[in-house]
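Notes follow the structure.
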Amino acid sequence: MYTGTITDAGTFFKQLHEPVKTCMLSLREMILMQDMQVRETFKYGMPFYCYKKKMFCYLWMHHVSRKPYIGILNGDRVQHPLLLTENRAKIKIMLFDAYRALPAETVQNILKQAIDLYRPVEARLLTKEKSLFSLVSRGQKV
């Protein structure tokens, strides 16, 4: 990994090597596609993602395994068996093997839970209705 000073998310992603670069860029896209109000910012030397100006997750590399991961802020309020707490009180992480396909549905489920922490109850209900509508419109049973 690059050891110089990185001042923006674009430079952060450019300096990564394959296959980690593709993995991180795919995660970035999944995060940004969650909601039109999700924005990318660069803080503490890493890309953070905000919903309505509140940070809810970030991308980074695990210090021991060197695997890419999503860090979920307020992760103590997000439940999923693949989220790890390690020695953190408020943040949970999900590690990824850059050589394998991303579990897109799982990632989207976790991201939705993380963003829902910042959405008003009415918006959460609308999102759920939209999800149900999309399933029905694709001919799936609910």
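Here are some notes:
- Pairs are defined by a Cβ separation below 9 Å, a sequence spacing of at least 6 or placement on different chains, a first member in region 45-66 that is in a strand (DSSP E or B), and a second member that is hydroxyl-bearing (Ser, Thr, Tyr) and exposed (fewer than 11 other Cβ atoms within 10 Å of the Cβ); the pairs so defined are Tyr58/Tyr44.
- Of all residues in region 98-122, those satisfying the criterion of being not charged (D, E, K, R) and not in a helix (DSSP H, G or I) are Ala98, Tyr99, Ala101, Leu102, Pro103, Leu117, Tyr118, Pro120.
- Every residue from region 1-28 that is part of a helix (DSSP H, G or I), within 16 Å of Phe48 (Cβ to Cβ) and at pLDDT below 95: Ala9, Gly10, Thr11, Phe12, Phe13
- Number of the exception - Ile93 against (1) surrounded by 14 or more Cβ atoms within 10 Å (Cβ to Cβ); (2) out of contact with any Asp or Glu (no Cβ under 9 Å at 6 or more places or on another chain): (2)
- Verdict on Tyr118 being over 23 Å from Ala9 (Cβ atoms), over 12 Å from the mean Cα position of the chain (by Cα) and hydroxyl-bearing (Ser, Thr, Tyr): no
- Members of region 90-131 found to be of a type in the set (Lys, Arg), farther than 19 Å from Arg77 by Cα and at pLDDT below 75, listed by number: Lys130
- Residues of region 43-66 satisfying the condition of being touching a strand residue (DSSP E or B) at 6+ places or on another chain (Cβ under 7 Å), surrounded by 12 or more Cβ atoms within 10 Å (Cβ to Cβ) and of a type outside the set (A, V, I, L, M): Pro47, Phe48, Tyr49, Cys50, Tyr51, Phe56, Cys57, Tyr58, Trp60, His62
- One residue from Ile70, Ile93 being in contact (Cβ under 8 Å) with a residue 40 or more places away in the chain and within 17 Å of Arg28 (Cα to Cα): Ile70
- Condition check for Asn87: surrounded by fewer than 17 Cβ atoms within 10 Å (Cβ to Cβ) and not in a loop (DSSP other than H, G, I, E, B): no
- Selection status of Tyr69, in contact with a His (Cβ under 8 Å, 6 or more places away or on another chain) and crowded, with 16+ Cβ neighbours inside 10 Å: yes
The values are calculated or read from the model by the stated rules, or taken from the named source; none is laboratory data. Remember, predicted model here, so these are calculated numbers, not experimental data. Note that we place each Cβ from the backbone using ideal geometry, even for glycine, and neighbour counts take in every protein chain shown.
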